[in-house]
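*Asks:* I have a structure here, written as structure tokens, and I will follow up with some questions on it.
Each value in this text was obtained by applying a stated rule to the coordinates, not by laboratory testing. Computed from a prediction, not measured in an experiment: that's the story for all the values here. So basically every Cβ, Gly included, is an ideal-geometry build from the backbone, and we count neighbours across all protein chains shown.
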Amino acid sequence: MTEPQPTVFIVDDDPAIRESLDSLLRSVGVQVKLLASVPEFLKSERPDGPTCLVLDVRLPGQSGLDFQRELAAANIHLPIIFITGHADIPMSVQAMKEGALEFLTKPFRDEDLINAIHLGLERDRGRRQSERELSALQERFAGLTSRERQVMAQVVKGRLNKQIAGELDISEMTVKVHRHQAMRKMRAASLPDLARMADKLYDA
């Protein structure tokens, strides 16, 4: 399946900056959406492919730093690259501590921005892949019976069939059957594989 094209959102209230960045990024084959404010971004449709946000620190109505916190609070995870003509060290430290990918002061080198964007898109691509894998695991796990889930939980703790049978008050043969079914339904190739799946499910 072909991955949807990556998109970079440019949120800056300076039309000249937006047009300049649009020209730069399109020249290297990146799809761009230009926006002048946070409300415009919130109203815009989210693309289905990897996404990165280039965000001006000083924006009308709401600062880029405030918006960064708002996105985090809403559990929206987008790689953010800040650009600003009015940077100071505390501001950049705050942005990076709260998860910004890069903090560039205008005028910045085109290469620095392009490199940061490629890194941001790659990170978002990885996040999206991890979410797809977790969703598939959750779907398989939902297909287990309650007893199969109980046995799986014991198996990944390293418990022996005999111990599990005693814990759940069932026969060892029944444990073996449920264990086999859990492995098959989860598509686990081995016990370590099943344990890795369980870690992802229980940490989600």
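*Asks:* Based on other C-beta atoms within 10 Å, arrange M96, M91 from fewest to most. Could the numbers behind the result be given before it?
*Replies:* Values: M96 13, M91 18.
Fewest-to-most Cβ neighbours within 10 Å comes out as M96, M91.
*Asks:* Pulled fully out, how much extra length does the chain show between D203 and E122, if you take 0.36 nm times their separation in residues and subtract their Cα-Cα distance? Write down the numbers at each step before the final one.
*Replies:* Working: separation 81, 0.36 × 81 = 29.16 nm, distance 2.32 nm.
Value of the extension gain: 26.8 nm.
*Asks:* Report the charge-dipole magnitude of the range 143-203 in Debye, nearest 20, computed about the Cα centre from +1 at each Lys and Arg Cβ and -1 at each Asp and Glu Cβ.
*Replies:* The dipole magnitude comes to about 180 debye.
*Asks:* Another question, if that's okay. Specify the residue with the greatest mean-square fluctuation among P79, P192, P39, computed from a Gaussian network of the chain linking alpha-carbon atoms under 10 Å apart.
*Replies:* Sorting by GNM fluctuation, first place goes to P192.
*Asks:* Count charges around H178 for me, please; just the other residues with Cβ under 10 Å from its Cβ, Lys/Arg as +1, Asp/Glu as -1.
*Replies:* +3
*Asks:* So how strong a dipole does the chain carry about its Cα centre when Lys and Arg Cβ are +1 and Asp and Glu Cβ are -1, to the nearest 20 debye?
*Replies:* 1360
*Asks:* A further question on this structure: P(r) of the range 143-203 in 5 Å steps, Cα pairs, percent per bin?
*Replies:* 4, 21, 34, 26, 12, 3, 0
*Asks:* Distance between the C-alpha centers of the range 140-204 and the range 80-106? Whole Å please.
*Replies:* What the calculation gives is 47 Å, centre to centre.
*Asks:* Given 10 Å bins starting at zero, what is the percent of C-alpha pairs of the range 38-175 in each, up to the one with the largest pair distance?
*Replies:* Calculated P(r), rounded to whole percents: 10, 28, 21, 12, 14, 11, 4, 0.
*Asks:* Among S63, T84, L119, pick out the residue whose Cα is farthest towards the positive end of the charge dipole of the chain, where Lys and Arg carry +1 and Asp and Glu carry -1 on C-beta, about the Cα centre.
*Replies:* Of the options given, the answer is L119.
*Asks:* A follow-up question, please. How far is helix 172-186 tilted, in degrees, relative to the longest principal axis of the Cα atoms in the chain, given as a value from 0 to 90 rounded to the nearest 10?
*Replies:* 20
*Asks:* Can you give me the distance in nm between label points at A16 and R140, each placed 7 Å from the Cα along the Cα-to-Cβ direction?
*Replies:* 5.6
*Asks:* Say R0 is 45 Å: what FRET efficiency, to the nearest 0.05, do M173 and A73 get from their beta-carbon distance?
*Replies:* Efficiency computed from Cβ-Cβ geometry: 0.30.
*Asks:* Using the Cα gyration tensor of the range 44-114, with a ≥ b ≥ c the square roots of its eigenvalues, what is the shape: rounded (a/c below 1.5), prolate (a/b larger than b/c) or oblate (neither)? Mind dumping the intermediate values first?
*Replies:* On the way: a/c = 1.67, a/b = 1.24, b/c = 1.35.
Because a/c hits 1.5 or more and a/b fails to exceed b/c, the range 44-114 counts as oblate.
*Asks:* Among the lysines, which have Cα under 30 Å from the Cα of K200 when same-chain residues fewer than 8 positions away are ignored?
*Replies:* Within the straight-line cut-off, K200 pairs with K97, K157, K162, K176, K185.
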